[in-house]
1. Go through (1) farther than 26 Å from Asp417 by Cβ; (2) within 16 Å of ligand 2 (Cβ to nearest atom); (3) open to solvent by less than 10 Å² (accessible area, probe 1.4 Å) one by one and return the number of the condition Asp363 breaks.
2. Would you mind stating whether Asp433 is charged (D, E, K, R) and open to solvent by less than 50 Å² (accessible area, probe 1.4 Å)?
3. Could you check how many residues of the range 8-20 are in contact with a strand residue (DSSP E or B) (Cβ under 8 Å, 6 or more places away or on another chain) and open to solvent by 10 Å² or more (accessible area, probe 1.4 Å)?
4. Residues in the range 114-146 that are not in a loop (DSSP other than H, G, I, E, B) and not aliphatic (A, V, I, L, M): how many?
5. Out of the residues in the range 264-283 that are within 15 Å of ligand 2 (Cβ to nearest atom) and within 20 Å of Leu365 (Cα to Cα), state the one that is surrounded by the most Cβ atoms within 10 Å (Cβ to Cβ).
6. If you take just the helices (runs of 4 or more DSSP H) that sit entirely in the range 148-249, which of them hold at least 2 residues that are surrounded by fewer than 20 Cβ atoms within 10 Å (Cβ to Cβ), on the phi < 0 side of the Ramachandran plot and not aromatic (Phe, Trp, Tyr)?
7. Could you tell me which residue of the range 409-450 is farthest from His467 (Cα to Cα), considering only residues that are within 24 Å of the chain's Cα centre (by Cα) and among the hydrophobic types (A, V, I, L, M, F, W, C)?
8. Residue check, Val348 against (1) surrounded by 24 or more Cβ atoms within 10 Å (Cβ to Cβ); (2) under 22 Å from the mean Cα position of the chain (by Cα); (3) within 16 Å of ligand 2 (Cβ to nearest atom), all met but one. Which one?
Amino acid sequence: MQYDLINNITSINTKGSAIFGIFDDLNTNGLVKSLDSKDISKIKDIIKKSSFEGKIGQSLCIYDILNLKLEKIYLVGLGEKNKYTEKSFLKAVNYVSQICKKDNLKNIFLDLDTLIKNKKIDINWAIRNISIQINGIDYVYSETKNKTKIKNIYKPNKIIFICTSATSSYKTKLKKYFLQGQAISNGIKLAKKLGDLPSNICTPTYLAKTASALGKTNKKLNIKIHNEKEMKSMGMNCLLSVGNGSEEPSKLITIKYNGANKSDKPIALVGKGITFDTGGISIKPSNGMDEMKYDMCGAASVLGTMKAISELNLKINVIGVIASAENMPSGSATNPGDVVSTMSGQTVEILNTDAEGRLVLCDALTYVSRFKPKHVIDIATLTGAVLVALGKVASGVLSNDEKLTEKLKKSSSISHDYIWELPMWEEFQSELDSNFADIANIGKRYAGTITAACFLSRFTEDYSWAHLDIAGTAWNEGANKGGTGRPVSLLTHFILENAKSL
Ligand code: BES
Ligand code: MN
Ligand code: ZN
């Protein structure tokens, strides 16, 4: 998608439509730079006669602009000026992209001045976020639908930002932030697609193939796939115990992105990749079980983030690790009460085979320590309890390093990909006591998200680590059922903040 920057639209040559933001005071001053007085009084008149109140989610489409080549002008409501925040901006931009899609706009002139409330909102942040949204509107799940029926996927041709104050030297910055948004958007789309794919296509082997394909797109990427035999010899019996009941072989996928000096310690991202979670012998109720195809969304977010950072060619070393298996009941499945040994040497009593995410993650977390990581972040659809605590708005974060939590919170507030911290105090640890092994894989009744993180904490003692429970945020339910691509935006922002070439 093309992009450009102009100061006003008084002398445009490209055919297209323009979009202007208007607060609920219905003040049209923002249009003055681009339109002549005749057009403005005409627009004022149209506003008066319409029901447009300038609220977010409202718009007014105006044809027959006298002095310009514009096809249409849209006025988009921004709500109350004094209450205008980044959140309002994001809502308005989301509404703008819906209009573009609905009306199939090809060349879009977008007025930035009012949208960023005359620089109250950072222009770089604004460009990045517009780019994330506008580049994301062409996502359509099509893999298992009749291809001939899915045609005319909407893709805008060009977006031209109108900004009175921007100098032509700003264009290099515009490029930088627009491309950041594009890369994040591409990462989100990959994560959405992997989430949406059914488990008979998206198997551990499929995830491995996706990683290998990604590896071919950039020389700085290096892919290693460990099969079951290799995992066995590394002592990953806990990870392997999850896939015991499945016909699909488990995979450990390592994606290395070498963007900085060899001596730079990497950031490691570890994703839960359960391609279907029946619960195993501790089988889940059948209602809504199809949603457990999304139990690999942590893995999907690792792949999406690796794609985004490799597109941006960032100066940083990042290692993505995916622990992938299918959790099925069968004659060869693990039974409740079985004890397995982990790569760390600790033994685990598997009291509930439905608490399988932590079983694959613990060995992957031991495995990443060989890369001497600066930070390790694991991402997992780990507990239903996080939905009870935080709903579908925020991912849970639990960590053994306050500074890392603060960094993640900062990236969350910049990206608006929300996280909320839960405590991981030692008082919770005794929940995991077992009479037959070093650790039980479940706690008692309460604080399920915390006890799950406590389990993982037993394997992350020698490095700075944070755990993101994305069971509530990784997909939407209901009519909009589908992957959200979260938390690719959070993770990519975090990597951007840590990279040298910001
Ligand atoms: N994949 C599930 C968590 C989940 C549940 C994600 C609902 C999204 C929606 C996980 O493997 C699981 O089954 N967790 C159990 C743990 C319990 C057995 C301790 C849970 O949360 O019920
Ligand atoms: Mn489970
Ligand atoms: Zn699961």
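1. Single failed check for Asp363: (2).
2. Working: charged (D, E, K, R): yes; open to solvent by less than 50 Å² (accessible area, probe 1.4 Å): no.
For Asp433, the condition - charged (D, E, K, R) and open to solvent by less than 50 Å² (accessible area, probe 1.4 Å) - is not met.
3. Keep residues of the range 8-20 that are in contact with a strand residue (DSSP E or B) (Cβ under 8 Å, 6 or more places away or on another chain), which gives 8-9, 12, 14-20.
Still in the running and open to solvent by 10 Å² or more (accessible area, probe 1.4 Å): 8, 12, 14-15.
So the answer is 4.
4. The first filter runs over the range 114-146 and keeps only residues not in a loop (DSSP other than H, G, I, E, B), leaving 114-115, 123-136.
Pick out the ones that are also not aliphatic (A, V, I, L, M) and you get 114, 124-125, 128-129, 131, 133, 135-136.
Residues flagged as not in a loop (DSSP other than H, G, I, E, B) and not aliphatic (A, V, I, L, M) within the range 114-146 amount to 9.
5. Within the range 264-283, the first condition is being within 15 Å of ligand 2 (Cβ to nearest atom), and the residues that meet it are 272-283.
Filter once more, keeping what is within 20 Å of Leu365 (Cα to Cα): 272-275.
Values: Lys272: 31, Gly273: 34, Ile274: 31, Thr275: 31.
Checked the range 264-283; the qualifying residue surrounded by the most Cβ atoms within 10 Å (Cβ to Cβ) is Gly273.
6. In the range 148-249, 170-196, 204-215, 228-233 are the helices (runs of 4 or more DSSP H) which contain 2 or more residues that are surrounded by fewer than 20 Cβ atoms within 10 Å (Cβ to Cβ), on the phi < 0 side of the Ramachandran plot and not aromatic (Phe, Trp, Tyr).
7. Looking only at the range 409-450, we keep the residues that are within 24 Å of the chain's Cα centre (by Cα), and these are 409-423, 448-450.
With among the hydrophobic types (A, V, I, L, M, F, W, C) added as a condition, the list becomes 414, 419-420, 422, 450.
Working: Ile414: 19, Ile419: 11, Trp420: 11, Leu422: 10, Ile450: 10 Å.
The qualifying residue farthest from His467 (Cα to Cα) is Ile414.
8. (2)
The values are calculated or read from the model by the stated rules, or taken from the named source; none is laboratory data. Being a predicted model, the structure only gives us computed values, none of them experimental. Cβ atoms come from the backbone with ideal geometry, glycine included; neighbour counts cover every protein chain shown. Each accessible area value is taken on the protein alone, full model and side chains, heavy atoms only, with ligands, DNA and RNA left out. Shrake-Rupley method; radii C 1.70, N 1.55, O 1.52, S 1.80 Å.
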